[in-house]
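In what follows, a structure is listed as structure tokens, so that the remarks can point back to it.
The values are calculated or read from the model by the stated rules, or taken from the named source; none is laboratory data. For clarity, every value in this text was computed on a predicted model and none was experimentally measured. Glycine also receives a Cβ, built like all others from the backbone with ideal geometry; neighbour counts cover every protein chain displayed. Ligands, DNA and RNA are stripped out before the accessible areas are found, and what is left, the full protein with its side chains, is counted by its heavy atoms. Shrake-Rupley method; radii C 1.70, N 1.55, O 1.52, S 1.80 Å.
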Amino acid sequence: MYQNLAVLAAFLLTYSIFAGRFESRLLNGPLMFMLAGLVLSATGLLQSNINREGLKALAELTLAIVLFSDATNANLKVLKAHEGIPLRLLLIGLPLTIVGGWLVGLWLFPQIPLLELAVLAVILAPTDAALGKAVVSNPAVAEPVRESLNVESGLNDGICVPVLLMFLALLIEAHDQAPWVLAVELVVEELGIGALVGIAFTYATWQLHRVSSAHQWQMPMWSQLTLPGLAVLCFATAQTIGGSGFIAAFVGGLLAGHLYGEQKHLLLQASEEFANLLSVLTWVAFGALVIPKAWSSFTLEIWLYALLSLTVIRILPVLISLLGTRFDTETRMFIGWFGPRGLATIVFTVMIMDVPMEATNTLVATAICTVFLSVLLHGLTANPWVARLGNKMQQT
């Protein structure tokens, strides 16, 4: 344990010092972290003694805090701005992406049951803004594009949670007489409990915060822990009492963003730093533990599905959703390409491991392969394409 801790600390220390040098080139954070995990594992410096439950806890906690932070930061007014592009991506592009993933699955994996292919399509639908940070935070990219991609990635994983829960419930209850009824009841229960927990705890926290502010009882250092603590509280409580912790974190974040207003940006600083630290650990563990074990399971069909998931399955729905907008062809392709798959897909993949399915190994291997390719390809193409768009803007 201490060797792993020393190795991770040394890597974090080194990366924190030279991060600007690394991320100004071809390599971004998640790509570096994943490659570091692969190298540290191959050289034996990082001992692979973390079990699946440990990895699951790490990934779930990371996603819960990221969901909460993204939802809190989400500017819902942007949904209707910029020709409604975020709404187009979420309401048209996202459903079409899921349908496209299911259809491609029918072609490449005809032996897998239809419902399990639907699960795979949902797992690979949400995007990860952290993998496209060079895009969503770079002023060289037009503001409508940056805002749209940022809002899309901040909300689509929360939207995919209830859809995934529905399909998993159907799989679990597949042998009962009325699976759809039982599945709907289960999903409504999980969603309802999760939403109520998120609303109740967030509203109570906001009221306590108001009382504390009125009496000047707050201290700047400790106030930074308010929203991270709230995110974990919502997630853990909902999971404990039979609800969806991810829905609780997502709903709690949306409400917190509304209640705290502009104050949220100051209070979210520590939450975002916690999320960054946990993300680093998750990506290193993904490179060190997950990829080496899954590599031998990557078949030609899996590699092909992963490549199509990042290209045709993602880009075509985006192009359809952007019909009628003023963007040129390259900008539309840019938006379509930068839909990287990351943390949400990893957590969703861990979630399905305990569900009785005929093709669990194939689904897990396909999801891992897709994330691996996404980290690699999106990490290598982000900065060069952003630079090209920046030069194009200067010329016009």
Place a label point 7 angstrom from the Cα of E53 along the Cα-to-Cβ direction, then list the residues of region 218-243 whose backbone nitrogen is under 19 Å away. 236-237, 239-242
Backbone N under 17 Å from the I92 label point (7 Å along Cα→Cβ), restricted to region 332-357: 332-337
Can you give me the distance in nm between label points at T43 and I159, each placed 7 Å from the Cα along the Cα-to-Cβ direction? 4.3
Subtracting the Cα-Cα distance from 0.36 nm times the residue separation, let me have the gained length for H265 to T311 in nm, one decimal. 13.1 nm
If I stretch the segment between L5 and I241 completely, what's the gain in nm (0.36 nm per residue apart, minus their alpha carbon distance), one decimal? 81.6 nm
In nm, give the distance between the simple-model label positions of L76 and I199, each being 7 Å from the Cα along the Cα-to-Cβ direction. 1.2
The chain: relative contact order as a whole-number percent, Cα under 8 Å and 6+ apart: 30
Accessible area of the chain divided out per residue, in Å², using a probe of 1.4 angstrom: 45
From the P(r) of the chain, can you give the percent of Cα pairs sitting at distances over 33 Å? 31
Not counting ligands, DNA or RNA, and with a 1.4 Å probe, what is V211's accessible surface area in Å² rounded to the nearest 10? 70
With a Förster radius of 35 Å, plug the Cβ-Cβ distance of H258 and W107 into 1/(1 + (r/R0)^6) and report the FRET value to the nearest 0.05. 0.20
Most fluctuating residue of L149, L304, L255 in a GNM of the chain with Cα springs under 10 Å: which is it? L304
I112: net charge of surrounding residues, Cβ under 11 Å, Lys/Arg +1, Asp/Glu -1, itself excluded? -3
Which aspartates and glutamates, if any, have their Cα less than 17 Å from the Cα of K293, not counting same-chain residues under 8 positions apart? E53
Mind ranking I247, I159 by accessible surface for me, highest first, 1.4 Å probe? I159, I247
Using the membrane-span-like helix rule (whole DSSP H runs, Cα extent along the own axis of at least 30 Å, mean Kyte-Doolittle hydropathy at least 0.0), which helices of the chain qualify? 52-73, 143-172, 179-214, 360-395
With every protein chain kept in the model, how would you rank M353, M34, M221 by accessible area, 1.4 Å probe, largest at the top? M221, M353, M34
